[in-house]
Protein chains: 2
Amino acid sequence: MASRKSSQFLSSSAVKQTRDQLTLNKLEQLATSAYRTVLKGANPSIMIRQRTLSNVSFNEKRKIIELGKKSQSRDFFNTSMARKFMQTFLIASGCKTLIEEGKTISIRQMFYMMKHTLHNSNENTFEDQAESDPIIEDLEVCADALREELHLFANRRGLVVGKLVVRDAGDEIDLACMGRGGWGIPSICEDENLQFVKSDAQFILLVEKQAIFHRLNEDRFWQRHRCILMTSEGQAARGARRLLQRMDQELKLPIYVLVDNDPWGLYIYSVLKQGSINLAYESMRMAVPSIRFLGMSAFDYEKFNLTPAATIKLTKEDIARAQQIKAYPWFRDKKWQEEIDALLRHQFKMEVDALLTKSISFVTEEYIPKKLRDKDYLT
Amino acid sequence: MASRKSSQFLSSSAVKQTRDQLTLNKLEQLATSAYRTVLKGANPSIMIRQRTLSNVSFNEKRKIIELGKKSQSRDFFNTSMARKFMQTFLIASGCKTLIEEGKTISIRQMFYMMKHTLHNSNENTFEDQAESDPIIEDLEVCADALREELHLFANRRGLVVGKLVVRDAGDEIDLACMGRGGWGIPSICEDENLQFVKSDAQFILLVEKQAIFHRLNEDRFWQRHRCILMTSEGQAARGARRLLQRMDQELKLPIYVLVDNDPWGLYIYSVLKQGSINLAYESMRMAVPSIRFLGMSAFDYEKFNLTPAATIKLTKEDIARAQQIKAYPWFRDKKWQEEIDALLRHQFKMEVDALLTKSISFVTEEYIPKKLRDKDYLT
């Protein structure tokens with residue numbers, strides 16, 4: 001059914017849109033304030049919330065990892081800060097151009113867009129991307145705008161198919177008609193570009209592994225079970241996380257997550273659910289506290305009569321990482337402690353792929369349906 | 001327009017399809033031959049073409065890298081070969097099941113599917129995937145079947161949008177209606193599953209980088225220039241290569257490739273064009289000798305008035321790799337030698353992203369159109 005409704009991507013009226021206008025205002029405020037200080041002959045500065053571990057905490061009520069209020073001043077007249085001060089305004093001016101032109105670019109492209117040699121010197125505005133990326137994060141915090149709102153994106157990753165029709169950049173796309181390929185989840189999934197048109201799905205299933213997505217898609221799992229099927233293709237990219245949060249808020253469907261039974265799988269789930277320490281200031285817009293951990297659970301080994309062929313010995317790093325995760329406040333619940341203890345006691349991990357030791361479509365026909373039927377998940 | 005024509009993926013009649021039947025015959029021949037030898041009381045063996053550098057050559061006429069005819073016998077009654085002999089037939093039997101059930105799995109899943117502990121022993125059929133992957137390649141060679149024909153796939157990667165309508169697994173998909181997301185190129189792009197319905201494209205453009213794909217897609221490049229736009233997202237996966245070869249043969253459109261100006265970009269182009277040494281036996285089905293190298297060329301630096309901000313110093317590894325590539329017989333042509341010499345002389349590389357040092361949409365509005373207009377490409 002996907003018919004083109006408009007051939008325009010971001011229309012020229014994009015800058016008039018509320019969110020873009022809001023972001024522009026924030027950037028202009030930043031500049032105006034610095035400019036006024038200069039006019040007064042004073043030292044211009046910007047306040048930036050500290051993105052350090054000591055300024056991060058778990059909000060027990062909201063169930064997300066949050067950035068605290070501790071802030072630091074970045075001054076122009078300070079030899080250790082002047083360069084970063086200049087860089088912050090350079091990036092801000094680049095973002096202003098992007099918003100005004102209704103275009104989006106990658107954070108690497110932003111590095112190139114703003115990189116040049118200062119007039120009459122050998123000094124580059126940025127030496128490499130390792131210099132511009134943290135400045136982007138600074139700007140997100142001090143302008144209180146996600147990088148997507150600054151029209152910047154990280155690399156995209158992930159696919160989605162199933163019982164959902166979306167409108168994206170003027171195209172109406174039926175995700176039930178994607179063949180075996182799936183729709184590539186865009187880098188930026190804000191509502192200016194991507195809207196949900198209709199859905200008769202009953203739940204959402206996100207799987208970590210691409211090959212499991214393929215297995216479920218080839219078996220038409222989403223059709224039989226009336227659901228939306230996503231793969232994050234490993235750690236979820238920002239686009240996939242925003243999409244999931246928006247589906248949670250707008251479609252109000254239960255969301256199940258299926259990852260490998262290893263510390264990395266637990267971490268993928270954890271970031272989806274309560275956000276990450278590194279990007280704590282974005283949890284509000286990225287984390288989805290309502291998601292449910294469908295598997296794989298360490299207890300699935302006995303529950304599904306798996307054999308040693310399905311297991312891989314834990315490495316030292318796995319054990320250390322599992323112990324670290326066990327100590328996170330958001331895994332304090334008794335059921336989670338038991339889950340992680342079982343992983344450590346087993347001394348082995350299991351990939352979802354290992355369910356193929358049972359049979360090709362065991363994951364589609366028995367494992368997931370039984371888990372859903374028995375409400376056998378953790379939250 | 002994408003309307004569902006059939007809700008079935010591989011139908012149960014899949015096994016009756018010609019190609020699947022052909023592959024089944026090949027696998028059965030392999031087994032029958034070994035079985036007959038056993039009945040005679042002799043030592044069963046299989047002949048496998050050697051996948052070594054000394055058995056690989058560049059076919060000047062076909063312009064592809066090919067595997068030679070040197071073969072090696074794999075015997076059952078030979079302590080150093082018995083394990084691999086057993087493994088080859090295990091994988092073959094797994095593939096037979098897949099074809100019969102009309103299902104496809106990843107090579108990692110095949111490892112799990114066939115992994116088990118031999119009865120009354122501690123011996124595993126496979127210890128890890130590093131043991132099963134080469135066996136799959138052996139089977140491809142000795143059964144003369146691509147792994148896709150054996151119903152196996154490597155991880156998928158890559159997106160496509162633009163002036164093409166495809167039918168995939170029963171769905172009709174208009175690639176001009178994909179919003180910003182793009183259609184995920186399936187792992188397996190054989191004609192049983194994927195057919196081209198119609199296209200009014202005038203050429204195909206493949207870009208290495210996802211962010212450049214995004215830039216071109218957001219600027220609706222494929223609409224203004226009536227083309228099909230693909231990204232390989234780095235080194236092209238097998239699905240993307242098969243898709244490109246089939247588009248070449250069936251749509252008969254010129255294909256342009258845009259990669260970074262560095263040895264890695266040249267290598268991506270090279271593999272697309274003439275195949276790779278590692279997978280030489282697949283060139284016939286994967287390589288696309290007609291593709292054209294649109295850029296980035298080392299000469300673009302002067303041609304487009306780029307600045308030092310667009311450059312990155314070559315590393316020692318870059319220089320060594322460039323010299324290696326320069327010595328490949330398929331880069332012997334004078335123009336290619338000049339191209340690689342210019343890269344080495346510059347002592348810098350350039351990413352396509354670096355075109356943003358000019359302006360956000362320079363790549364869309366000036367760089368590519370000028371190159372196409374001037375027929376400024378290498379073959």
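Points to keep in mind about this one:
- Pair list, Cβ under 9 Å, 6 or more apart: segment A:110-136 residue over 16 Å from B:Met350 (Cα atoms) and touching a residue at least 40 places away in the same chain (Cβ under 8 Å), other residue assigned to a loop (DSSP other than H, G, I, E, B) and among the charged types (D, E, K, R): A:Ser132/A:Lys115; A:Ile136/A:Arg147
- Boolean, A:Leu272 is modelled with pLDDT of 95 or more, under 23 Å from the mean Cα position of the chain (by Cα) and aliphatic (A, V, I, L, M): yes
- Any hit, segment A:95-116, residues being within 16 Å of A:Arg51 (Cβ to Cβ), in a helix (DSSP H, G or I) and away from chain B (no Cβ under 11 Å): no
- Selection from segment A:187-203 of residues that are under 18 Å from A:Arg238 (Cβ atoms), touching a strand residue (DSSP E or B) at 6+ places or on another chain (Cβ under 8 Å) and more than 7 Å from every other protein chain (Cβ to nearest Cβ): A:Ile188, A:Leu194
- Per the conditions (1) under 26 Å from the mean Cα position of the chain (by Cα); (2) surrounded by 19 or more Cβ atoms within 10 Å (Cβ to Cβ); (3) of a type in the set (Val, Ile, Thr), the sole criterion not satisfied by A:Thr97 is (2).
- Look at (1) in a helix (DSSP H, G or I); (2) within 14 Å of another protein chain (Cβ to nearest Cβ) and you find that A:Leu306 fails only one, number (1).
- B:Arg285 among the charged types (D, E, K, R) and at pLDDT below 95: yes
- Some residue of segment A:60-70 being aliphatic (A, V, I, L, M), within 14 Å of chain B (Cβ to nearest Cβ) and touching a residue at least 40 places away in the same chain (Cβ under 8 Å): no
- Flag for A:Lys349 being closer than 30 Å to B:Ser93 by Cα, modelled with pLDDT of 95 or more and not hydrophobic (A, V, I, L, M, F, W, C): yes
Here is a yes/no grid of residues against (1) assigned to a loop (DSSP other than H, G, I, E, B); (2) surrounded by 21 or more Cβ atoms within 10 Å (Cβ to Cβ); (3) not acidic (Asp, Glu):
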| position | (1), (2), (3) |
| --- | --- |
| A:Gly265 | no, yes, yes |
| A:Ile268 | no, no, yes |
| A:Leu272 | no, yes, yes |
| A:Ile277 | yes, no, yes |
| A:Leu294 | no, yes, yes |
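- For segment A:117-157, a residue qualifies if it is closer than 29 Å to B:Leu159 by Cα and aromatic (Phe, Trp, Tyr), and exactly one does: A:Phe153.
- Inter-residue pairs, beta-carbon under 7 Å, first within 14 Å of chain B (Cβ to nearest Cβ) and farther than 18 Å from A:Asp376 by Cβ and in segment A:336-353, second assigned to a helix (DSSP H, G or I) and among the hydroxyl-bearing types (Ser, Thr, Tyr), 6+ apart: A:Asp353/B:Tyr112
- Of the residues B:Gly179, B:Gly158, B:Gly184, the single one that is free of Cβ contacts under 8 Å to residues at least 12 places away in the same chain and either at the interface with chain A (Cβ under 7 Å from one of its Cβ atoms) or under 19 Å from B:Ser232 (Cβ atoms) (or both) is B:Gly179.
- B:Thr311 vs. criteria surrounded by fewer than 19 Cβ atoms within 10 Å (Cβ to Cβ), without any contact (Cβ under 8 Å) to a residue 40 or more places away in the chain and hydroxyl-bearing (Ser, Thr, Tyr): no
- Check on B:Leu306, in the same structural domain as B:Leu164 (by the TED database), free of Cβ contacts under 8 Å to residues at least 60 places away in the same chain and under 28 Å from B:Phe362 (Cβ atoms): yes
- Residues of segment A:69-98 that turn out to be of a type in the set (A, V, I, L, M) and modelled with pLDDT of 95 or more, as a count: 4
- Single residue of segment B:63-88 satisfying the filter (within 26 Å of the chain's Cα centre (by Cα) and of a type in the set (A, V, I, L, M, F, W, C)) that is surrounded by the most Cβ atoms within 10 Å (Cβ to Cβ): B:Ile65
- Flag: A:Arg241 matches the condition of being charged (D, E, K, R), crowded, with 23+ Cβ neighbours inside 10 Å and free of Cβ contacts under 8 Å to residues at least 60 places away in the same chain.
- Of the criteria (1) surrounded by 21 or more Cβ atoms within 10 Å (Cβ to Cβ); (2) modelled with pLDDT under 95; (3) not charged (D, E, K, R), which one B:Gly162 fails: (2)
- Matching residues, segment A:155-170, being under 29 Å from A:Trp264 (Cα atoms) and part of a strand (DSSP E or B): A:Leu159, A:Val160, A:Val161, A:Gly162
- Strands (runs of 3 or more DSSP E) completely within segment B:171-257 that count 1 or more residues being out of contact with any Ser or Thr (no Cβ under 6 Å at 6 or more places or on another chain) and over 30 Å from B:Leu152 (Cβ atoms): B:194-198, B:203-207, B:227-231
- Listed conditions (1) modelled with pLDDT under 95; (2) more than 7 Å from chain B (Cβ to nearest Cβ); (3) out of contact with any helix residue (DSSP H, G or I) (no Cβ under 6 Å at 6 or more places or on another chain) are all met by A:Ala169, apart from (2).
- A:Asp248 vs. criteria within 28 Å of A:Ile99 (Cα to Cα), modelled with pLDDT under 95 and of a type outside the set (A, V, I, L, M, F, W, C): no
- Single residue of segment B:222-235 satisfying the filter (surrounded by 24 or more Cβ atoms within 10 Å (Cβ to Cβ) and in contact with a helix residue (DSSP H, G or I) (Cβ under 6 Å, 6 or more places away or on another chain)) that is nearest to B:Ile204 (Cα to Cα): B:Leu229
- Residues that are within 27 Å of A:Met350 (Cβ to Cβ) and either part of a helix (DSSP H, G or I) or β-branched (Val, Ile, Thr) (or both) within segment A:279-292 comprise A:Val288, A:Ile291, listed in sequence order.
- Filter result (outside any loop (DSSP other than H, G, I, E, B) and touching a Phe, Trp or Tyr at 6+ places or on another chain (Cβ under 9 Å)) within segment B:313-335: B:Lys313, B:Asp318, B:Arg321, B:Ile325, B:Lys326, B:Pro329, B:Trp330
- Any hit, segment A:242-263, residues being assigned by the TED database to the domain that holds A:Trp222, of a type in the set (D, E, K, R) and over 25 Å from A:Gln195 (Cα atoms): yes
- The set of residues in segment A:133-154 that are outside any loop (DSSP other than H, G, I, E, B) and either not assigned by the TED database to the domain that holds A:Ile91 or not acidic (Asp, Glu) (or both) comprises A:Pro134, A:Ile135, A:Ile136, A:Leu139, A:Val141, A:Cys142, A:Leu152, A:Phe153.
The values are calculated or read from the model by the stated rules, or taken from the named source; none is laboratory data. Keep in mind that what you see is a predicted model, and the values were worked out from it rather than measured. Please note: Cβ atoms are built from the backbone with ideal geometry, for glycine as well, and neighbour counts cover all protein chains shown.
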